[in-house]
1. Sort out which residues of segment 47-99 are in a loop (DSSP other than H, G, I, E, B) and of a type in the set (A, V, I, L, M), and write them in order of number.
2. Assess whether Val15 counts as being touching a helix residue (DSSP H, G or I) at 6+ places or on another chain (Cβ under 7 Å), open to solvent by less than 60 Å² (accessible area, probe 1.4 Å), of a type in the set (Val, Ile, Thr) and modelled with pLDDT of 75 or more.
3. Scan segment 60-81 for residues that are open to solvent by less than 50 Å² (accessible area, probe 1.4 Å) and either of a type outside the set (A, V, I, L, M, F, W, C) or modelled with pLDDT under 90 (or both) and report the count.
4. Is it fair to say Arg57 is at pLDDT 85 or above and basic (Lys, Arg)?
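The values are calculated or read from the model by the stated rules, or taken from the named source; none is laboratory data. Source: prediction; values computed, not measured. Using ideal geometry, Cβ is built from the backbone for each residue, glycine included, and neighbour counts are taken over all protein chains shown. Ligands, DNA and RNA are stripped out before the accessible areas are found, and what is left, the full protein with its side chains, is counted by its heavy atoms. Shrake-Rupley method; radii C 1.70, N 1.55, O 1.52, S 1.80 Å.
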Amino acid sequence: MMNELLEWLEYIEDVRQERKVKHKLKDIIVLFATLANVDDWVEMEYFAHYNEEYLKRYIKLENGIPSHDTLCRVFGMLQPEILQQLYKKWQELLNKNEG
(Lines give C-alpha, C1' and ligand atoms only; values in the text may rest on other atoms or scores of the structure.)
Protein backbone atom coordinates (compact mmCIF):
# COMPACT_ATOMS: atom_id res chain seq x y z
CA MET A 1 0.00 0.00 0.00
CA MET A 2 2.70 2.47 0.97
CA ASN A 3 4.65 1.77 -2.23
CA GLU A 4 1.61 2.77 -4.32
CA LEU A 5 1.34 6.01 -2.40
CA LEU A 6 5.07 6.68 -2.86
CA GLU A 7 4.77 6.18 -6.61
CA TRP A 8 1.87 8.62 -6.76
CA LEU A 9 3.83 11.21 -4.76
CA GLU A 10 6.49 11.41 -7.48
CA TYR A 11 4.05 13.50 -9.53
CA ILE A 12 3.63 16.26 -6.95
CA GLU A 13 5.67 19.31 -7.88
CA ASP A 14 7.98 20.69 -5.21
CA VAL A 15 7.78 24.48 -5.53
CA ARG A 16 10.46 25.19 -2.93
CA GLN A 17 13.84 26.70 -3.85
CA GLU A 18 16.01 23.65 -4.40
CA ARG A 19 19.14 25.03 -2.76
CA LYS A 20 17.20 25.65 0.46
CA VAL A 21 15.57 22.22 0.62
CA LYS A 22 16.81 20.01 3.43
CA HIS A 23 13.95 17.48 3.47
CA LYS A 24 12.42 15.79 0.44
CA LEU A 25 8.81 16.68 -0.23
CA LYS A 26 7.94 13.00 -0.47
CA ASP A 27 9.34 12.37 3.03
CA ILE A 28 7.30 15.20 4.49
CA ILE A 29 4.09 14.07 2.80
CA VAL A 30 4.56 10.47 3.92
CA LEU A 31 4.84 11.74 7.49
CA PHE A 32 1.55 13.54 7.00
CA ALA A 33 -0.16 10.52 5.43
CA THR A 34 0.91 8.11 8.16
CA LEU A 35 -0.01 10.39 11.05
CA ALA A 36 -3.73 10.73 10.64
CA ASN A 37 -4.42 10.81 14.39
CA VAL A 38 -2.22 13.73 15.41
CA ASP A 39 -3.67 17.13 16.14
CA ASP A 40 -0.87 19.53 15.24
CA TRP A 41 2.60 19.86 13.72
CA VAL A 42 4.39 19.40 17.06
CA GLU A 43 2.62 16.07 17.62
CA MET A 44 3.50 15.04 14.07
CA GLU A 45 7.18 15.74 14.71
CA TYR A 46 7.08 13.88 18.03
CA PHE A 47 5.34 10.86 16.47
CA ALA A 48 7.88 10.79 13.64
CA HIS A 49 10.80 10.76 16.08
CA TYR A 50 9.18 7.95 18.05
CA ASN A 51 8.55 5.88 14.89
CA GLU A 52 11.63 6.88 12.90
CA GLU A 53 12.84 3.31 12.25
CA TYR A 54 9.44 2.29 10.86
CA LEU A 55 9.28 5.36 8.63
CA LYS A 56 12.77 4.66 7.26
CA ARG A 57 11.40 1.50 5.67
CA TYR A 58 9.63 3.79 3.19
CA ILE A 59 11.46 7.11 3.14
CA LYS A 60 15.11 8.05 3.53
CA LEU A 61 14.94 10.93 6.00
CA GLU A 62 18.52 11.77 5.02
CA ASN A 63 18.51 14.88 7.20
CA GLY A 64 16.46 13.43 10.03
CA ILE A 65 12.90 14.25 10.97
CA PRO A 66 11.71 17.66 9.75
CA SER A 67 10.88 20.11 12.53
CA HIS A 68 7.29 21.06 13.22
CA ASP A 69 8.08 24.49 11.75
CA THR A 70 9.29 22.88 8.52
CA LEU A 71 6.21 20.65 8.34
CA CYS A 72 3.92 23.64 8.77
CA ARG A 73 5.79 25.77 6.24
CA VAL A 74 5.92 23.06 3.55
CA PHE A 75 2.27 22.12 3.88
CA GLY A 76 1.40 25.80 3.73
CA MET A 77 3.05 25.91 0.30
CA LEU A 78 1.06 23.00 -1.12
CA GLN A 79 -2.12 23.72 -2.99
CA PRO A 80 -5.21 22.50 -1.10
CA GLU A 81 -6.16 20.43 -4.16
CA ILE A 82 -2.95 18.42 -3.78
CA LEU A 83 -3.77 17.65 -0.15
CA GLN A 84 -7.30 16.65 -1.13
CA GLN A 85 -5.93 14.33 -3.80
CA LEU A 86 -3.46 12.88 -1.31
CA TYR A 87 -6.20 12.22 1.20
CA LYS A 88 -8.41 10.64 -1.47
CA LYS A 89 -5.57 8.41 -2.68
CA TRP A 90 -4.74 7.37 0.88
CA GLN A 91 -8.40 6.47 1.54
CA GLU A 92 -8.58 4.49 -1.71
CA LEU A 93 -5.52 2.50 -0.72
CA LEU A 94 -6.88 1.84 2.77
CA ASN A 95 -10.25 0.74 1.40
CA LYS A 96 -8.57 -1.47 -1.20
CA ASN A 97 -6.61 -3.29 1.51
CA GLU A 98 -9.69 -3.80 3.70
CA GLY A 99 -11.60 -5.61 0.93
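1. Let us first name the residues in segment 47-99 that are in a loop (DSSP other than H, G, I, E, B), namely 51, 56-67, 78-79, 99.
Within segment 47-99, Ile59, Leu61, Ile65, Leu78 qualify.
2. no
3. Looking only at that region, the number is 9.
4. Yes: the conditions hold for Arg57.
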